[in-house]
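Single-structure report; data block below.
The values are calculated or read from the model by the stated rules, or taken from the named source; none is laboratory data. What you see is a predicted model; the values in this text were computed from it and never measured. Side chains included, ligands, DNA and RNA excluded: accessible areas come from the protein's heavy atoms. Shrake-Rupley method; radii C 1.70, N 1.55, O 1.52, S 1.80 Å.
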Amino acid sequence: MRYKAIVGIASKAGEDLRAWELHRAKELETEIAAAQAALAEAKEKEQRTAQAVRHWWRMAEDNVSRLSWLELADGPAPDLQARGSMLDRYLNEVKPLYQELVDAVLSLGWRSRH
């Protein structure tokens, strides 16, 4: 009788473990799918950001090229210390900085003509 009880408990534990493993496998599949979607979105955002950076850099090059006495450095490289969660903030800071550059170039161009 005791043997049957032990076998019954072991059998029930095996079934419970299989049920838990199946449930956990479904949870992991859902988490993996969410992580893959997040990764795809991050890659797309990275590509859009790189394109925006190249755009702003080309515009800055165009403005600085008007100053014959100023050499332009290499293009910007990714900052490995930057936080991805602040990407939109970083990009929003570019426009006012670009406008400052344009104003400075215009000011320098006017002074060099006089």
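Details
- Heavy atoms of residue 29 accessible to a 1.4 Å probe, total area in Å² rounded to 10: 120
- Only protein heavy atoms count here; on that basis, with a 1.4 Å probe, residue 85 has an accessible area of about 110 Å².
- Among [x] 13.4, 39; [y] 14.0, 41; [z] 29.8, 109, the entry that matches Rg and Dmax of the Cα atoms in Å as calculated here: [z]
- Ranked from largest to smallest solvent-accessible area, with a 1.4 Å probe on the protein heavy atoms, 9, 32 come out as 9, 32.
- Largest to smallest accessible area among 57, 20 [probe 1.4 Å]: 20, 57
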